[in-house]
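Input: a single structure, listed below in structure tokens.
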Amino acid sequence: MSGNFNRKWIMVTVLAVVLTYVAIGLYQGFSIGVSSIVLPVIVGNLFVVVGMLYWVITERRAGIPIADERSQLVDGKAAKLTLVVGIYFMMALTFYDIAAQFITLPTKNAAIYLAASAMFLLSFFGLSRWYYGKRRSR
Amino acid sequence: MTPVRTRIKELRARDGLRQEDLARMVGCRRETISFVENGEYNPSLLLAVKIARVFEANVEEVFQYDEGELMLNL
């Protein structure tokens, strides 16, 4: 499978996840408190996705490679950190769900948990990618 | 990894090349050239050879380590 093919499908998948999350969020109806946290994250992610698409198109038109050995190294570091933190995030959600069976806590259906995890992973990967991209990497 | 000193900036100035031009010639991103130039990223052997070839120089003329770092354990 070529690199271009992979990148295209990653972008499409990311966009699909974001749009699905927005659709589910609107359907479920967030409270004002939750919306004040979740909606900026959704909007932020949408901007990042659109920005990434614009960046990929302009760089490709200019004949500049999208990825090289250093960007792959940085992607790998960010992905590794996202995996570890993502597992902790999902464990936290699981413990919350277990706790909700014993004490009264607000809960949503499984789709919301999955969408929240996807959104969290996407945001975290973006942030860690940016962080490692700025740092010296030997 | 040991930091490496490079003469890329000097050689670019000699040949009138921008970081972007060099990046395009060796097939990497401009940021990578910037990091390599500042000794903040050790390039792969392939990239180092490509960069040296652009300047028609040997790898050791472009990338320089202290003699102490190059001591062999014989």
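Determine the gain in length on full extension of the stretch A:SER117-A:ASP75; use 0.36 nm per residue of separation and subtract their C-alpha separation, reporting nm with one decimal.
Length gained, A:SER117 through A:ASP75: 13.2 nm.
Using 0.36 nm per residue of separation minus the Cα-Cα distance, give me the extension gain between A:ARG61 and A:LEU127 in nm, one decimal.
Value of the extension gain: 21.2 nm.
Could you give the nm distance between label points at A:VAL43 and A:ALA92, where each point is 7 Å from its Cα heading toward the beta carbon?
Between A:VAL43 and A:ALA92, the simple spin-label model gives 2.3 nm.
Where Rh denotes the Kirkwood radius from the mean inverse Cα pair distance, what is Rg over Rh for chain B?
With Rg and the Kirkwood Rh in hand, the quotient comes to 0.98.
Could you state the angle between the C-alpha long axis of helix B:45-54 and the longest principal axis of the C-alpha atoms of chain B, as a value from 0 to 90 degrees rounded to the nearest 10?
50
Every number in this text was worked out from the coordinates using simple rules, so none of it is lab data. Quantities reported herein were computed from a predicted structural model and do not represent experimental measurements. Here the Cβ is made from the backbone with ideal geometry for all residues, glycine too, and neighbour counts use every protein chain on show.
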